[in-house]
Amino acid sequence: MELNDKISAIITGGASGLGEATARELASLGVKVALFDLNAERGEKVASEIGGVFCECNVTDEASVDAAFEKARAANGQERIMINCAGTGIAMKTASRKKDTGEIQFHPLSRFDQIIQINLVGTFRCIAKSAAGMMSLDPITPDGGRGCVVNTASVAAQDGQIGQAAYSASKNGVVGMTLPIARDLAQEGIRCCTILPGLFNTPLMAGAPEKVKQALGAQVPFPSRLGHAEEYAKLARHICENEMLNGESIRLDGAIRMAPR
């Protein structure tokens with residue numbers, strides 16, 4: 001797919017981090033970008049800087065997602081690119097003992113479900129609604145391509161650490177549905193791939209001391225540093241441009257394999 005001002009894109013989690021970097025990368029090519037996010041202040045700022053549109057959106061809420069799609073399409077037309085970066089995580093063991101009392105406690109199912117709803121169900125909700133819209137478009141590539149979906153998982157999908165049961169399950173679910181979705185949409189010329197970032201310098205890392213960031217980066221074989229959001233954005237762009245990339249989940253991690261903790 002050639003990326004230019006005839007193409008529109010939607011990016012969830014587009015107000016910061018990986019999503020923001022991807023929004024800026026695509027906008028630099030002329031792509032019309034809509035940002036889905038809960039952070040209205042930051043989202044409006046980024047949208048104004050890149051000539052995009054901000055759509056306040058909670059990916060766990062059907063009505064909120066529908067309203068965001070309606071606003072984005074009214075402004076930019078039917079999207080051909082759907083990039084899912086919205087997500088969050090928690091650190092909580094399956095079962096554990098309180099250090100002070102020794103009391104045994106287990107992972108609250110409500111917290112587990114919350115992560116699944118945001119990271120997995122929210123991603124699928126946006127994929128399904130976007131793909132249905134893409135199917136109404138005419139093909140624009142010699143092979144009949146209509147559009148492209150790029151999802152964000154994590155190396156935790158494969159190397160989950162202690163306390164990451166919910167997060168790893170949600171991200172592994174994103175990886176697991178990538179190939180079936182690509183197969184579901186293949187006859188419509190709509191591709192689906194997933195990126196598994198490793199240790200990246202995103203807002204989730206913002207509160208960590210610089211020494212901690214350096215120590216984490218030193219664990220990466222090469223390059224021995226935290227990843228830059230722009231590096232994710234360049235891979236997302238390449239997936240959109242390269243029509244042979246389909247049904248694939250790609251680690252972007254400097255060859256790191258996460259230790260148990």
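A few notes on this one:
- Tally, over region 1-39, of residues that are surrounded by fewer than 18 Cβ atoms within 10 Å (Cβ to Cβ) and either over 17 Å from the mean Cα position of the chain (by Cα) or modelled with pLDDT under 95 (or both): 7
- Considering region 99-132, the residues that are aromatic (Phe, Trp, Tyr) and surrounded by 12 or more Cβ atoms within 10 Å (Cβ to Cβ) include one that is farthest from CYS57 (Cα to Cα), namely PHE112.
- Residues that are surrounded by fewer than 17 Cβ atoms within 10 Å (Cβ to Cβ) and small (Gly, Ala, Ser) within region 216-244 comprise ALA218, SER224, listed in sequence order.
- If you go through region 231-261 and keep only what is free of Cβ contacts under 8 Å to residues at least 12 places away in the same chain and farther than 20 Å from GLU188 by Cα, you end up with just HIS238.
- Flag if SER96 is assigned to a strand (DSSP E or B), small (Gly, Ala, Ser) and either over 14 Å from the mean Cα position of the chain (by Cα) or surrounded by 12 or more Cβ atoms within 10 Å (Cβ to Cβ) (or both): yes
- All positions within region 18-41 that are out of contact with any strand residue (DSSP E or B) (no Cβ under 9 Å at 6 or more places or on another chain) and at negative phi: ALA21, GLU25, SER28, LEU29, GLU41
The values are calculated or read from the model by the stated rules, or taken from the named source; none is laboratory data. Just so we're clear, the structure is a prediction, and the values are computed from it rather than from any experiment. Ideal geometry is used to build each Cβ from the backbone, glycine not excepted, and the neighbour counts take in all protein chains shown.
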